[in-house]
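The values are calculated or read from the model by the stated rules, or taken from the named source; none is laboratory data. The shown structure was predicted, so the numbers you read here are calculated from the model rather than taken from an experiment. Backbone-built Cβ (ideal geometry, glycine too); neighbour counts: all protein chains shown.
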Amino acid sequence: MTQSAKDVAEKSAKAMWSQDHATAWFGMQIDHVDEGSATLSMTVEKHHTNGHGSCHGGVIFALADSAFAFACNSRNQTTVAQHNSITYVAPGKEGDRLIAKAREVSLTGRSGIYDVTVTTESGTVIAEFRGGSRTIPGTVYEDT
């Protein structure tokens, strides 16, 4: 029986989540996955804030990077980050629910480009992230 792309993405996410201790440690959750896309979210807690009282840029980057990872591994092919960058647009504040929506822009051979927009629940853009991926040998889960 052939699995749908959504089924493969969900199985890939489940397998990755079981080994991704950093994403869970930050307090992130997976809200949605599909082929080439993923949405993760988290609430900014006191321990996520910096000396200005706003969400630390590294935490925002980690959220975007995790959404990127789940999106680019959604085909059950082991895929890693090759390069990425982020532009911070507005500060996240303690109590904000941050949402990172990753989408595939291009996939050619073993190389992919993904854009991730991080917003608050009300839609305020916090950051824009672009990641380049590279598929390497292996699968995310064993297909049984």
>> I'm trying to understand the selection: among the residues of segment 99-144, which are over 17 Å from the mean Cα position of the chain (by Cα) and among the basic types (K, R)?
In response: R110
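One line per residue, one yes/no per condition, for (1) in contact with a helix residue (DSSP H, G or I) (Cβ under 7 Å, 6 or more places away or on another chain); (2) in a strand (DSSP E or B); (3) at pLDDT below 95:
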| site | (1), (2), (3) |
| --- | --- |
| F70 | yes, no, no |
| V80 | no, yes, no |
| P91 | no, no, no |
| S106 | no, yes, no |
| T119 | no, yes, no |
> Between a first residue in segment 60-82 that is under 14 Å from S111 (Cβ atoms) and in contact (Cβ under 8 Å) with a residue 60 or more places away in the chain and a second residue that is surrounded by fewer than 18 Cβ atoms within 10 Å (Cβ to Cβ) and among the acidic types (D, E), which pairs have beta carbons less than 7 Å apart while being 6 or more apart in sequence or on different chains?
Replying inline: R75/E35
>> Quick check on H48: is it modelled with pLDDT of 95 or more, over 30 Å from D143 (Cβ atoms) and out of contact with any strand residue (DSSP E or B) (no Cβ under 9 Å at 6 or more places or on another chain)?
In response: no
> Quick one: is A15 surrounded by fewer than 20 Cβ atoms within 10 Å (Cβ to Cβ) and of a type in the set (A, V, I, L, M)?
Replying inline: yes
>> Just the residues that are surrounded by 12 or more Cβ atoms within 10 Å (Cβ to Cβ), part of a helix (DSSP H, G or I) and either over 12 Å from the mean Cα position of the chain (by Cα) or of a type outside the set (S, T, Y) (or both), please, taken from segment 23-35.
In response: A24, F26
